[in-house]
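Heads up, the thing below is written out as structure tokens.
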Amino acid sequence: MQRGGPRSRWSFPPADTADEDGVVGIGADLESATLLHAYRSGLFPMAVGAGRERVLAWWSPDPRGIIPLDGLRVSRSLRRSCARYTTTVDTAFEAVIDACADPSRPSRWIDDDIRAAYVRLHREGWAHSVEAWTPDGRLVGGLYGVEIDRFFAGESMFSHERDASKVALVALVTRLRERGSSLLDVQWVTPHLASLGAIEVPRSTYLALLADAVEDLP
């Protein structure tokens with residue numbers, strides 16, 4: 001768990017000033033200091049629009065999706081899948097983010113700029129991946145996100161075989177528990193994440209949990 005980090009030259013509006021869609025602001029950049037400042041402030045980046053109209057937006061949705069670290073749902077079939085794959089941490093970060101950015105996936109949002117920014121964060125020790133492998137050494141699932149103190153912001157996950165991304169999530173939650181983490185952010189709750197125990201909390205609750213998890217608040 002890293003502490004501190006570079007100082008950002010940008011200031012963000014408060015997270016609770018987001019519009020009805022959850023957008024707090026437009027612009028800034030994807031430098032490491034900017035990203036870390038945003039996460040500590042309760043925000044995350046995602047571009048909106050397309051082509052020349054595409055702009056970088058900073059989001060703070062209300063409600064916010066989290067997975068309680070003591071509330072992950074692991075079914076019997078998922079337990080069997082956990083025995084079928086091997087999981088690792090930070091052994092194939094770029095392969096994981098490339099799989100998450102696959103252009104054939106619906107609602108793809110990871111572009112070249114996002115990829116470069118998170119690869120840089122990974123090399124600096126802030127972004128991490130969890131990989132799921134078959135016995136013959138094929139990467140078939142994984143996820144990546146950003147870790148600051150006792151907080152982990154999940155960004156994206158992928159699966160090429162049954163339950164592979166879920167197995168990576170189980171490994172992540174196990175790792176976070178062992179490290180004494182307290183908050184796993186998943187941004188929005190999808191049916192897939194809800195089946196694994198993700199819940200929605202009001203923005204005010206999320207920000208309180210974040211303040212407890214991140215000691216170096218702006």
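Values quoted throughout were computed directly from the atomic coordinates according to the rules given, and no laboratory measurement underlies them. The structure presented is a predicted model; accordingly, all values stated were derived computationally and were not measured. Glycine gets a Cβ as well: all are built from the backbone with ideal geometry, and neighbour counts include every protein chain shown.
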Extreme residue, nearest to Ala15 (Cα to Cα), among residues of region 170-197 that are among the polar types (S, T, N, Q) and surrounded by 14 or more Cβ atoms within 10 Å (Cβ to Cβ): Gln187
Residues within region 120-143 that are part of a loop (DSSP other than H, G, I, E, B) and over 18 Å from Asp185 (Cβ atoms), tallied: 7
Scan of region 144-163 for residues that are in a strand (DSSP E or B) and within 17 Å of Leu35 (Cβ to Cβ), ordered by number: Tyr144, Gly145, Val146, Glu147, Ile148, Phe151, Phe152, Ala153, Gly154, Glu155, Ser156
Only one of Glu215, Glu200, Glu147 that is among the charged types (D, E, K, R), closer than 24 Å to Ala15 by Cα and under 13 Å from the mean Cα position of the chain (by Cα): Glu147
Out of Val186, Val173, sole residue that is more than 30 Å from Arg7 (Cβ to Cβ) and outside any loop (DSSP other than H, G, I, E, B): Val173
Every pair of residues 6+ apart whose Cβ atoms lie under 8 Å, when the first sits in region 171-193 and is touching a residue at least 40 places away in the same chain (Cβ under 8 Å) and closer than 19 Å to Asp149 by Cβ while the second is β-branched (Val, Ile, Thr) and surrounded by fewer than 18 Cβ atoms within 10 Å (Cβ to Cβ): Arg175/Val89
Within region 102-117, tally of residues that are closer than 24 Å to Leu36 by Cβ, free of Cβ contacts under 8 Å to residues at least 40 places away in the same chain and either touching a helix residue (DSSP H, G or I) at 6+ places or on another chain (Cβ under 7 Å) or among the basic types (Lys, Arg) (or both): 1
Region 8-40, residues that are hydrophobic (A, V, I, L, M, F, W, C), free of Cβ contacts under 8 Å to residues at least 40 places away in the same chain and touching a helix residue (DSSP H, G or I) at 6+ places or on another chain (Cβ under 9 Å): Trp10, Val24, Ala28
The lone exception for Lys166 - which of (1) outside any loop (DSSP other than H, G, I, E, B); (2) farther than 17 Å from Leu193 by Cα it fails: (2)
